[in-house]
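Colleague: Can you read through this structure? Questions will come right after.
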Amino acid sequence: MELTLAADQLAELGHSTRLSIFRLLVRAGHGGMRVGDIQAKLDIPGSTLSHHLSRMSKVGLMQQQRDGRTLYCTLNFDAVNALLGFLYAECCAGDQPLRVENL
């Protein structure tokens, strides 16, 4: 994973509403969650939710699928696992200095 993508994904999760959406989608699992259900759980306007979902989709954290008139959001678990792997990649690597060019 590139440092820039990891930073972009973490930046999007740094907003409390997007982090709340992320946590709901983690709980929902691979089946995802209807946009209307996310909106109801978080009690936010549809336009605000749409903005946050768009930002999360843009960095690859989630995707949307339509089933008839219903729009579902699902977490991109491959991207989440890659981000977590990137964060843990240097775990317990010792006292070696961490250099940005080595990431």
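Colleague: Any chance you could give the angle, 0 to 90 degrees and rounded to 10, that helix 46-58 forms with the longest Cα principal axis of the chain?
Modeller: It works out to around 30 degrees.
Colleague: Something else now. On average, how much accessible surface per residue is there in the chain, in Å², for a 1.4 Å probe, leaving out ligands, DNA and RNA?
Modeller: For the chain, the solvent-accessible area averages 66 Å² per residue.
Colleague: What are the principal axis extents of the Cα atoms in region 5-103, in Å, biggest first?
Modeller: In descending order, the Cα extents are 53, 23, 19 Å.
Colleague: So, R0 is 30 Å and r is the distance between the beta-carbons of Ser50 and Ala93; what FRET efficiency does that work out to, to 0.05?
Modeller: That pair, Ser50 with Ala93, gives E of 0.15.
The values are calculated or read from the model by the stated rules, or taken from the named source; none is laboratory data. Treat the numbers as computed from the prediction; the structure is a model and nothing was measured. Every residue, glycine among them, receives a Cβ derived from its backbone with ideal geometry; neighbour counts consider all protein chains shown. Surface accessibility is based on the protein's heavy atoms, side chains included, excluding ligands, DNA and RNA. Shrake-Rupley method; radii C 1.70, N 1.55, O 1.52, S 1.80 Å.
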